[in-house]
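Asker: The structure follows.
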Amino acid sequence: METRRTQLLNLLGERSKSERISAELINVENRQGFVLESLMLQLNGIETVPAYFAKPLNAVESLPTVIFNHSHGGNFDQGKEELLTSSSYLQSPSFVEEIIELGFAVCSIDMWGFNQRKGKQESELVKEMLLDGQTLWGMRLFDNMALLDYLETRPDVTPDRIGAIGMSMGGLMSWWLAALDERIKVTVDIAAQVDIETLKQKRGLDHHGFYYYVPGFLKHFSTLEVQEMIAPRPRLSMIGKDDRMCPIEGAEFLNEQLKKTYEQQCVPQNWEGRILTGGHQETKEMRLLWKTFLKKHL
């Protein structure tokens, strides 16, 4: 398994990493029910990474912590702000309120090209990184792997109880991150169960941005092989049946195969693959499901 993880990491391009992971606290404010820290993190040795970290008011012990991966949606102004203010295709209240209510801490960063990191167009970032032997998807993943390094240094984080959640690009990030890094103990992905082979077959590749494509991926891996790296750790994957960005045939195939994988590892209860009502969105039904899943497994 570790050999395969190394192969996958190599496909993602060269990794730039800070010599020392560090954080600068920019602001702290008390909000209704939680403390919100604004941070600037040193994660990649190239540029600082803006982040939010929130935890329940008056928390004194270390807490299970969720990494919230923001979506894309073509909204480069949003980024980590999606943690505090839901995008139009997400439910209310915001993820920070819901996760805090579960008794967990939550952290989110601006991914490359978003919000405070949007100095360059995403298309320029893709081209620039390819020229430098990197991939934008890889660099976004590497930031989140370094974020895990940072979270492990915090006394208010329980390091063996870290999960990941997100929708669309954030959902893709969540299951890729869990596949590459076993420190993610629980994974929830919404509108992101994308079988790349089915997407290619159905000529749906243009439904996803250039950022997601990794040179040579299908020569060495299948989508299923990557997702199987998450097992036996708990994972909940949900799509809407009318979500054209997640072809239903591919989602059905992955869900069926992963059910077998988890059964073979004697933990069928750790896998939930749901195809529900709706399109490319988080529904009220999905909200209830992921809250229940995180509470049970994290």
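Asker: Sort out which residues of the stretch 235-253 are assigned to a loop (DSSP other than H, G, I, E, B) and crowded, with 18+ Cβ neighbours inside 10 Å, and write them in order of number.
Answerer: 243, 246, 247 - these are the residues of the stretch 235-253 that are assigned to a loop (DSSP other than H, G, I, E, B) and crowded, with 18+ Cβ neighbours inside 10 Å.
Asker: Determine which member of the set 206, 242, 181 is modelled with pLDDT under 95 and among the charged types (D, E, K, R).
Answerer: 206 is the lone residue from the list that is modelled with pLDDT under 95 and among the charged types (D, E, K, R).
Asker: What do you reckon, is residue 46 over 20 Å from residue 281 (Cβ atoms), of a type in the set (A, V, I, L, M, F, W, C) and under 17 Å from the mean Cα position of the chain (by Cα)?
Answerer: Spelling it out, it is not the case that residue 46 is over 20 Å from residue 281 (Cβ atoms), of a type in the set (A, V, I, L, M, F, W, C) and under 17 Å from the mean Cα position of the chain (by Cα).
Asker: Out of 71, 16, I need the residue that is at pLDDT 95 or above, touching a Gly at 6+ places or on another chain (Cβ under 6 Å) and either in a loop (DSSP other than H, G, I, E, B) or over 30 Å from residue 231 (Cα atoms) (or both). Which one?
Answerer: 71
Asker: Out of all the residues in the stretch 265-286, which are assigned to a helix (DSSP H, G or I) and either under 22 Å from residue 230 (Cβ atoms) or of a type in the set (Gly, Ala, Ser) (or both)?
Answerer: Within the stretch 265-286, 268, 269, 270, 286 qualify.
Asker: Further question: Considering every residue within the stretch 137-148, establish whether at least one is over 16 Å from residue 69 (Cα atoms) and touching a strand residue (DSSP E or B) at 6+ places or on another chain (Cβ under 8 Å).
Answerer: Checked against the condition, which is being over 16 Å from residue 69 (Cα atoms) and touching a strand residue (DSSP E or B) at 6+ places or on another chain (Cβ under 8 Å), the stretch 137-148 yields no hits at all.
Asker: A follow-up question, please. Do the conditions hold for residue 36, that is, is it buried (at least 16 other Cβ atoms within 10 Å of the Cβ), under 17 Å from residue 144 (Cβ atoms), touching a strand residue (DSSP E or B) at 6+ places or on another chain (Cβ under 8 Å) and of a type in the set (A, V, I, L, M)?
Answerer: No; evaluated as a whole, the condition is false for this residue.
Asker: Can you pull out the residues in the stretch 276-298 that are surrounded by 14 or more Cβ atoms within 10 Å (Cβ to Cβ), in contact (Cβ under 8 Å) with a residue 40 or more places away in the chain and not acidic (Asp, Glu)?
Answerer: Passing the criteria: 280, 281, 283, 286, 287, 289, 290, 291, 293, 294, 297, 298.
Asker: Could you grab me the full set of residues in the stretch 180-201 that are in a helix (DSSP H, G or I) and under 21 Å from residue 275 (Cβ atoms)?
Answerer: 196, 197, 198, 199, 200, 201
Asker: Pairs only if they're at least six apart or on different chains, beta carbon under 9 angstrom, first in the stretch 211-235 and free of Cβ contacts under 8 Å to residues at least 60 places away in the same chain and at positive phi, second of a type in the set (Gly, Ala, Ser) and assigned to a helix (DSSP H, G or I); list them, first residue then second.
Answerer: So the pair list comes out empty.
Asker: Can you find, within the stretch 123-168, the residue that is nearest to residue 238 (Cα to Cα) among those that are of a type outside the set (Asp, Glu) and part of a loop (DSSP other than H, G, I, E, B)?
Answerer: 168
Asker: Kindly establish whether residue 232 is of a type outside the set (Lys, Arg), part of a loop (DSSP other than H, G, I, E, B) and within 19 Å of the chain's Cα centre (by Cα).
Answerer: So residue 232 passes the test.
The values are calculated or read from the model by the stated rules, or taken from the named source; none is laboratory data. Not measured: the values here are computed from a predicted model. Note that we place each Cβ from the backbone using ideal geometry, even for glycine, and neighbour counts take in every protein chain shown.
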